[in-house]
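In what follows, a single structure is set out as structure tokens and then discussed.
The values are calculated or read from the model by the stated rules, or taken from the named source; none is laboratory data. Everything numeric here is computed off the predicted structure, so don't read it as measured data. All Cβ positions, even for glycine, are placed from backbone atoms using ideal geometry, and neighbour counts span all protein chains on display.
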Amino acid sequence: MANYRTSRILPTILTIVVIVIAIAGLVALARLVFTGSSSNDLAVDTAQQNLLNTSDGRAVSMTVRGPIVADEDFKSYQVVISPTSRQFKAYTGYLDVITSQETLSNNTAAYDQFVNALNRANMVAGTPFEGEQNNVLGICATGKVYEFSTLNDGKMLEMLWTSTCGGSPGSLKANANQLSQLFLNQIPDGSDIAKSLKL
């Protein structure tokens, strides 16, 4: 009789133990998934807040670099937009010798519209690379490299990049051409000036 009870109770206890372990495992997995998701959402929210902030000192920039060629032929340009100014600079050579520049005034209402357009175009979509992965030196030697940054008092808060080379997609998860056009539209004839550089 005692053996009969033991043989019936033992499988029941084992089943309960297995169920408890399974539930504990599922709870741990759920915590891991939801914690990872919430920290990622927090990073996106912070990047988005930095982009949409229209306070003094805030700015956004785009830097476009052409193919890696001889120093005399190397070209790049940068567009920096803030609540008070819009600036376009074209460079030649690897020492960034300014060949042309234009500085225009801006206002907070115009900047607010612009950064919201950038946000809708997913300028902060992506996760910034760290360390060597974020080094664009030598990347896409035969094409263009695009860098999009948020700034505060001239200091970079976040930078995402991409290139026209298939093997170097970069950290940006947005359409670089769409973002580039939004930046160039902030400068009268900006698109024509950029095309004239023949990057």
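If you filter segment 97-148 down to residues that are among the acidic types (Asp, Glu) and at pLDDT 95 or above, you find that the one that is surrounded by the most Cβ atoms within 10 Å (Cβ to Cβ) is Glu147. Condition check: over 18 Å from the mean Cα position of the chain (by Cα), acidic (Asp, Glu), over 20 Å from Met156 (Cα atoms) and not in a loop (DSSP other than H, G, I, E, B). Does Glu102 satisfy that? Yes. All conditions but one from (1) free of Cβ contacts under 8 Å to residues at least 24 places away in the same chain; (2) touching a Lys or Arg at 6+ places or on another chain (Cβ under 6 Å); (3) surrounded by 15 or more Cβ atoms within 10 Å (Cβ to Cβ); (4) not basic (Lys, Arg) apply to Ser76; the one that does not is (1).
Just one of (1) farther than 18 Å from Ala47 by Cα; (2) surrounded by fewer than 19 Cβ atoms within 10 Å (Cβ to Cβ); (3) out of contact with any Pro (no Cβ under 9 Å at 6 or more places or on another chain) fails for Tyr91. It is (2). Consider segment 8-66 and keep the residues that are assigned to a helix (DSSP H, G or I) and in contact with a strand residue (DSSP E or B) (Cβ under 6 Å, 6 or more places away or on another chain). The one that is modelled with the lowest pLDDT is Ala47.
Scan segment 145-168 and tell me whether some residue there is on the phi > 0 side of the Ramachandran plot, outside any loop (DSSP other than H, G, I, E, B) and not hydrophobic (A, V, I, L, M, F, W, C). Spell out the reasoning first.
First pass over segment 145-168, keeping only residues on the phi > 0 side of the Ramachandran plot: 153-154.
Subset that is outside any loop (DSSP other than H, G, I, E, B): none.
No, segment 145-168 contains no residue that is on the phi > 0 side of the Ramachandran plot, outside any loop (DSSP other than H, G, I, E, B) and not hydrophobic (A, V, I, L, M, F, W, C).
From the list Val136, Val124, Val115, pick out the single residue that is β-branched (Val, Ile, Thr), part of a helix (DSSP H, G or I) and either in contact (Cβ under 8 Å) with a residue 24 or more places away in the chain or touching a helix residue (DSSP H, G or I) at 6+ places or on another chain (Cβ under 6 Å) (or both).
Numbers: Val136 fails: part of a helix (DSSP H, G or I); Val124 fails: part of a helix (DSSP H, G or I).
Step by step, each of Val136, Val124, Val115 is checked, and only Val115 is β-branched (Val, Ile, Thr), part of a helix (DSSP H, G or I) and either in contact (Cβ under 8 Å) with a residue 24 or more places away in the chain or touching a helix residue (DSSP H, G or I) at 6+ places or on another chain (Cβ under 6 Å) (or both).
Taken over segment 79-112, the criterion of being free of Cβ contacts under 8 Å to residues at least 24 places away in the same chain, under 19 Å from Gly143 (Cβ atoms) and in contact with a Ser or Thr (Cβ under 7 Å, 6 or more places away or on another chain) is satisfied by Tyr91, Thr92.
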